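Working notes, structure below.
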Amino acid sequence: MRMDISSLLDAPPYPAERYGRLADRLALLLGTTNDVLLIQAEAVLALEAVATSIAREGIRALNIVTSPYGTWFGDWLTRGAADVDNVCATPAKPITLEAVRGALDKADYDVLSIVHAESATGILNPLPEIAALAREKGVLTIVDAVASIGGHPVDVGRLGIDIAVVGPQKALAGPAGVSAISVSQRAWKILDHDRAPTNSMLSLLDQKKLWLDCGRAALPGTPAPLEFFALEAALDRIEAEGLPAVHRRHAQATLATRAALEALATSAWVDVPDNSVLVTTAILPDGIDRDTFLIAANSTPGADITAGVGPGAERLFRLNHTGRRASEEAVRSNIAAVSAALRQVGLPSDDEAGQLAIASVYGA
Ligand SMILES: *Cc1c(COP(=O)(O)O)cnc(C)c1O
């Protein structure tokens, strides 16, 4: 890709009065009237900020682990002296409601944390049901919706999610250097404590004091104009398409990918409805070396095929159809790549059947 990067120099400052508007537009996508904080960093820092701001001695957390992100979140809570129980799903599978219910019955938790959709393994956790269980018990909910926003509905208001972390760089097809956190009034009560970090990039209370409580003018520190202009442009594009249409585009790419994999006699890893619409994971055929397969697959132009990430994903490969890649063209490239790679490693593969399966979903 050739671009004139010099046009990115000398960007004007992002207008201070538009930061609040950006937060409002993100709140709308989340269906919430909660406060929305803008974080000038990729979403991993926003997640670390949430864990660090909430953790302290005496806080009991039920942390659901379905990927390395969940593991990290539990570690950050533990580092902050919170009492953390990790509930781990079967590797690379969604957590079950029974596991969550069982854990919630065993102790009085202050908070429950969970990743909504995983791009590491292509799974979707049953968020509405888990949020309902937590609410029944009066447990504060923290949701990593970084990957899911734009792919799946993240109904912060309707589900009563206390803290949601989102990033624009996945299904919203926006910049990676800015992220956001929605915070309920109930969550602020837990976040406002003596030992909360201050004068720190990880402090949510700083954000409240220096931004929310000051009428949401310029962000504290030096705002990064390129990231914020890009976020605004990404939201323009999402709003022009309409969030439900963005969801449908991801669902259709998933449907087409799964149908085509079946036509290629390749097994998808997760069954519907346990799958996320961000990536489709498939099982590497027995006896095939993963790296050889991936190198073969990525020699097809336009394809994005990568290894699964984390425990249980060692024999999985991922077909990426997130964001702008949630399109017929990207799905076709991915499937052509998988088909070519299967042949290259000596397995039969019916290219045409794969492409016909895609056509049947998109309507030839
Ligand atoms: C991508 C992702 C993040 C954030 O990762 P970045 O390094 O900021 O891109 C967090 N959680 C989940 C579930 C993700 O998929």
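The values are calculated or read from the model by the stated rules, or taken from the named source; none is laboratory data. Bear in mind the structure is a predicted one, so any value in this text is a computation, not a measurement. Please note: Cβ atoms are built from the backbone with ideal geometry, for glycine as well, and neighbour counts cover all protein chains shown. Keep in mind that these areas ignore ligands, DNA and RNA; they rest on the heavy atoms of the full protein, side chains included. Shrake-Rupley method; radii C 1.70, N 1.55, O 1.52, S 1.80 Å.
A compact table of results
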| item | result |
| --- | --- |
| Residues of region 276-298 satisfying the condition of being in contact with a helix residue (DSSP H, G or I) (Cβ under 6 Å, 6 or more places away or on another chain) and touching a residue at least 60 places away in the same chain (Cβ under 8 Å) | Val277, Thr280 |
| Members of region 146-170 found to be assigned to a strand (DSSP E or B) and either touching a Pro at 6+ places or on another chain (Cβ under 7 Å) or surrounded by fewer than 24 Cβ atoms within 10 Å (Cβ to Cβ) (or both), listed by number | His152 |
| Pair list, Cβ under 8 Å, 6 or more apart: region 40-54 residue under 21 Å from Thr222 (Cβ atoms), other residue open to solvent by less than 10 Å² (accessible area, probe 1.4 Å) and part of a helix (DSSP H, G or I) | Ala49/Leu204 |
| Region 231-256, residues that are in contact (Cβ under 8 Å) with a residue 12 or more places away in the chain, open to solvent by 40 Å² or more (accessible area, probe 1.4 Å) and of a type in the set (Gly, Ala, Ser) | Ala233, Ala251 |
| Which listed residue is of a type outside the set (Asp, Glu) and in contact with a Lys or Arg (Cβ under 9 Å, 6 or more places away or on another chain), from Ala99, Ala55 | Ala55 |
| Some residue of region 101-112 being within 16 Å of Gly308 (Cα to Cα) and in contact with a strand residue (DSSP E or B) (Cβ under 8 Å, 6 or more places away or on another chain) | no |
| Filter result (touching a helix residue (DSSP H, G or I) at 6+ places or on another chain (Cβ under 9 Å), surrounded by 16 or more Cβ atoms within 10 Å (Cβ to Cβ) and outside any strand (DSSP E or B)) within region 79-95 | Gly80, Ala82, Ala89, Ile95 |
| Selection count, region 117-145, where residues are within 16 Å of the ligand (Cβ to nearest atom) and either of a type in the set (Gly, Ala, Ser) or open to solvent by less than 10 Å² (accessible area, probe 1.4 Å) (or both) | 14 |
| Residue match in region 238-246 (condition: of a type outside the set (Phe, Trp, Tyr) and within 23 Å of Ala303 (Cα to Cα)) | yes |
| Residues satisfying the stated conditions in region 36-65, i.e. within 13 Å of the ligand (Cβ to nearest atom), acidic (Asp, Glu) and in a loop (DSSP other than H, G, I, E, B) | Glu42 |
| Selection count where residues are farther than 27 Å from Val309 by Cβ and touching a helix residue (DSSP H, G or I) at 6+ places or on another chain (Cβ under 7 Å), scope region 113-138 | 2 |
| Failed item in (1) open to solvent by less than 20 Å² (accessible area, probe 1.4 Å); (2) among the small types (Gly, Ala, Ser); (3) over 10 Å from the mean Cα position of the chain (by Cα); (4) more than 10 Å from the ligand (Cβ to nearest atom), with Ser179 passing the rest | (4) |
| Test result for Pro68, open to solvent by 20 Å² or more (accessible area, probe 1.4 Å), in contact (Cβ under 8 Å) with a residue 60 or more places away in the chain, closer than 26 Å to Glu314 by Cβ and more than 12 Å from the ligand (Cβ to nearest atom) | no |
| Matching residues in region 26-47 - criterion: being buried (at least 19 other Cβ atoms within 10 Å of the Cβ) and touching a helix residue (DSSP H, G or I) at 6+ places or on another chain (Cβ under 7 Å) | Leu29, Leu30, Thr32, Asn34, Asp35, Val36, Leu37, Leu38, Ile39, Leu47 |
| All positions within region 100-110 that are surrounded by 16 or more Cβ atoms within 10 Å (Cβ to Cβ) and more than 30 Å from Gly323 (Cβ to Cβ) | Ala103, Leu104, Tyr109, Asp110 |
| Filter result for the condition that a residue is of a type in the set (A, V, I, L, M, F, W, C) and either touching a strand residue (DSSP E or B) at 6+ places or on another chain (Cβ under 6 Å) or within 26 Å of Pro13 (Cβ to Cβ) (or both), over Ala265, Ala245, Ala240, Ala256 | Ala240 |
| Scope region 313-335; condition open to solvent by less than 30 Å² (accessible area, probe 1.4 Å) and farther than 20 Å from Ala245 by Cβ; matching residues | Ala313, Leu316, Phe317, Leu319, Ser333, Asn334, Ile335 |
| Any pair with Cβ under 9 angstrom, 6 or more apart, that starts in region 1-24 at a residue that is more than 30 Å from Asp35 (Cβ to Cβ) and ends at one that is open to solvent by 70 Å² or more (accessible area, probe 1.4 Å) and in a helix (DSSP H, G or I) | Leu8/Leu226 |
| Residue that is more than 30 Å from Tyr69 (Cβ to Cβ) and touching a residue at least 40 places away in the same chain (Cβ under 8 Å), where the choices are Leu342, Leu319 | Leu342 |
